[in-house]
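Note sheet for the following structure.
The values are calculated or read from the model by the stated rules, or taken from the named source; none is laboratory data. What you see is a predicted model; the values in this text were computed from it and never measured. Using ideal geometry, Cβ is built from the backbone for each residue, glycine included, and neighbour counts are taken over all protein chains shown. The area values use the complete protein model at the heavy-atom level, side chains included, leaving out ligands, DNA and RNA. Shrake-Rupley method; radii C 1.70, N 1.55, O 1.52, S 1.80 Å.
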Amino acid sequence: MMSTITPELYVTDLKASLAFYCTLLGFEVDYDRPEGRFACLRLGPATLMLEEPVGRTWLAAPLEQPFGRGVNFQIMVVGIDDLFERCRNAGAPIFHPLETKHYRRRDGMVSQTQFVVQDPDGYLIRLAEDAEPDR
């Protein structure tokens, strides 16, 4: 059995969040429940659920902007340079600029090019692509 993790993010405006994730970042709606103000999104193998907190919620404390304090969500993508330019040109809040970082993983080094953008509710979304070690 394969284990997966799918974050479910509470959002203040599902329509604005769908525009950010789908139009800007390239996610597609896998399925939705408009009556529940809910959508499940997919970008390659990455899955993300968005929901306006109406009705039954799983909130441990009141939501305050920016949402998602203390966490960032890394999503592996293809075409990081174009995605960064698209976000920057759209005026999306870039929290950390495009960079190439080298990380130790198990017994070796890996390199990834990445940047961090804030979604409409302030969640930090770290978009990354595997990079050649000399980039």
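For Leu59, the stated conditions hold: it is at pLDDT below 95, farther than 19 Å from Arg86 by Cβ and either touching a strand residue (DSSP E or B) at 6+ places or on another chain (Cβ under 9 Å) or open to solvent by less than 100 Å² (accessible area, probe 1.4 Å) (or both). If you go through region 99-115 and keep only what is in contact (Cβ under 8 Å) with a residue 24 or more places away in the chain and out of contact with any Lys or Arg (no Cβ under 7 Å at 6 or more places or on another chain), you end up with His102, Met109, Phe115.
Residues in region 1-33 that are within 20 Å of Arg69 (Cβ to Cβ) and not in a loop (DSSP other than H, G, I, E, B): Glu8, Leu9, Tyr10, Ala16, Ser17, Phe20, Tyr21.
Per-residue answers, yes or no, for (1) open to solvent by 20 Å² or more (accessible area, probe 1.4 Å); (2) among the acidic types (Asp, Glu); (3) part of a loop (DSSP other than H, G, I, E, B):
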site: Glu35; (1), (2), (3): yes, yes, no
site: Ala39; (1), (2), (3): no, no, no
site: Leu48; (1), (2), (3): no, no, no
site: Gly68; (1), (2), (3): yes, no, yes
site: Asp81; (1), (2), (3): yes, yes, no
site: Ala92; (1), (2), (3): no, no, yes
site: Glu99; (1), (2), (3): yes, yes, no
site: Met109; (1), (2), (3): yes, no, no
site: Gln114; (1), (2), (3): no, no, no
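Please indicate, with yes or no, whether at least one residue in region 80-102 is within 16 Å of Pro120 (Cα to Cα), at pLDDT below 95 and hydrophobic (A, V, I, L, M, F, W, C). No.
Exactly one residue out of Phe73, Phe27 is modelled with pLDDT of 95 or more and either touching a strand residue (DSSP E or B) at 6+ places or on another chain (Cβ under 7 Å) or among the basic types (Lys, Arg) (or both): that is Phe27. Considering every residue within region 80-87, establish whether at least one is more than 18 Å from Ala19 (Cα to Cα) and under 15 Å from the mean Cα position of the chain (by Cα). Yes: region 80-87 contains one or more residues that are more than 18 Å from Ala19 (Cα to Cα) and under 15 Å from the mean Cα position of the chain (by Cα).
The listed residues are Val116, Val71, Val77, and the only one of them that is touching a His at 6+ places or on another chain (Cβ under 6 Å) and closer than 27 Å to Leu50 by Cα turns out to be Val116.
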